[in-house]
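Q: One structure, as structure tokens, below. Some questions next.
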Amino acid sequence: MQQPELAGLRTRVLVVDDEQMALMVIPEALEEGLEELGWTDLVIDTADSGEAALATEGEIDLLVTDVVMPGIDGIETFAQLKERWPDMACVVMTAQAPEHSTPIRALRLGAADYVSKPINPEYLVQTCHRQLVVHHLRRQVTRNKLLLESIVESVGDGVVAL
């Protein structure tokens, strides 16, 4: 898989967790690790609930969310945000959800991976890196497809003008 040029590629990550310690540690680990991997134009925002995440303005490239939270859980948060940004990548994490059903629910909705708590920071960074690369490659493919369609549609006009 060809990796897009990461330097200068504006990327926004939203970390959602109801545990304050996680909201301090996870963004710091992601920022440090992803910058080491070449993500230089990186914005990492946090939300302490599904409701706060849903109030987020601006496009999100990657959602990293706890599954079990009071109110709107992480999977429902992902489902609702995915309606706004269909190509958004998602990594879910939890220590409390039943191992046999939660990953399946998340993966069926299109989550890219499932990370168990306690989090291994290196594994989380590598997982997020892979998902961001795939996300940006998909975005490139979509742009190229639209450009190609535009060129093909305008070929007839060029022939008539000639």
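The values are calculated or read from the model by the stated rules, or taken from the named source; none is laboratory data. The model shown is predicted, which means the values in this text are computed figures rather than measured ones. Here the Cβ is made from the backbone with ideal geometry for all residues, glycine too, and neighbour counts use every protein chain on show. These accessible areas exclude ligands, DNA and RNA; they are computed on the full protein's heavy atoms, side chains included. Shrake-Rupley method; radii C 1.70, N 1.55, O 1.52, S 1.80 Å.
Q: Output the number of residues of region 44-61 satisfying the condition of being of a type outside the set (S, T, N, Q) and either in contact with a Lys or Arg (Cβ under 8 Å, 6 or more places away or on another chain) or not in a helix (DSSP H, G or I) (or both).
A: Number of matching residues: 10.
Q: With the checklist (1) closer than 25 Å to Met24 by Cβ; (2) modelled with pLDDT under 75; (3) buried (at least 17 other Cβ atoms within 10 Å of the Cβ) in hand, flag the one item Arg105 doesn't pass.
A: Checking Arg105 against (1) closer than 25 Å to Met24 by Cβ; (2) modelled with pLDDT under 75; (3) buried (at least 17 other Cβ atoms within 10 Å of the Cβ), the one that fails is (1).
Q: Does Val92 satisfy the criteria of being modelled with pLDDT under 95, surrounded by 23 or more Cβ atoms within 10 Å (Cβ to Cβ) and either within 26 Å of Leu137 (Cβ to Cβ) or hydroxyl-bearing (Ser, Thr, Tyr) (or both)?
A: Spelling it out, Val92 is indeed modelled with pLDDT under 95, surrounded by 23 or more Cβ atoms within 10 Å (Cβ to Cβ) and either within 26 Å of Leu137 (Cβ to Cβ) or hydroxyl-bearing (Ser, Thr, Tyr) (or both).
Q: Assess whether Thr46 counts as being at pLDDT 95 or above and more than 23 Å from Arg143 (Cα to Cα).
A: yes
Q: I've got another one for you. Being at pLDDT 75 or above, farther than 22 Å from Pro27 by Cβ, outside any helix (DSSP H, G or I) and out of contact with any helix residue (DSSP H, G or I) (no Cβ under 7 Å at 6 or more places or on another chain) is true for just one of Pro70, Pro86, Pro98, Pro118. Which residue is that?
A: On inspection, the qualifying residue turns out to be Pro86.
Q: Does Val64 meet the test of being part of a loop (DSSP other than H, G, I, E, B), within 19 Å of Ala111 (Cα to Cα) and of a type in the set (Val, Ile, Thr)?
A: no
Q: Quick one: what pairs do we get from region 32-60, first residue acidic (Asp, Glu), second part of a strand (DSSP E or B) and open to solvent by less than 30 Å² (accessible area, probe 1.4 Å), C-beta under 7 Å, 6+ apart or different chains?
A: From region 32-60, the pairs are Glu35/Leu42; Asp41/Thr11; Asp45/Leu14.
Q: Still on this model: Looking only at region 5-45, count how many residues are closer than 17 Å to Pro70 by Cβ and surrounded by fewer than 19 Cβ atoms within 10 Å (Cβ to Cβ).
A: The number of residues fulfilling the criteria is 5.
Q: Could you tell me whether Met69 is of a type in the set (A, V, I, L, M), in contact (Cβ under 8 Å) with a residue 40 or more places away in the chain and more than 15 Å from Arg12 (Cβ to Cβ)?
A: It is true that Met69 is of a type in the set (A, V, I, L, M), in contact (Cβ under 8 Å) with a residue 40 or more places away in the chain and more than 15 Å from Arg12 (Cβ to Cβ).
Q: From the list Met1, Met21, pick out the single residue that is modelled with pLDDT under 95 and either in contact with a strand residue (DSSP E or B) (Cβ under 7 Å, 6 or more places away or on another chain) or assigned to a loop (DSSP other than H, G, I, E, B) (or both).
A: Met1
Q: Related question: If you go through region 40-65 one residue at a time, how many are under 15 Å from the mean Cα position of the chain (by Cα) and of a type in the set (S, T, N, Q)?
A: 3
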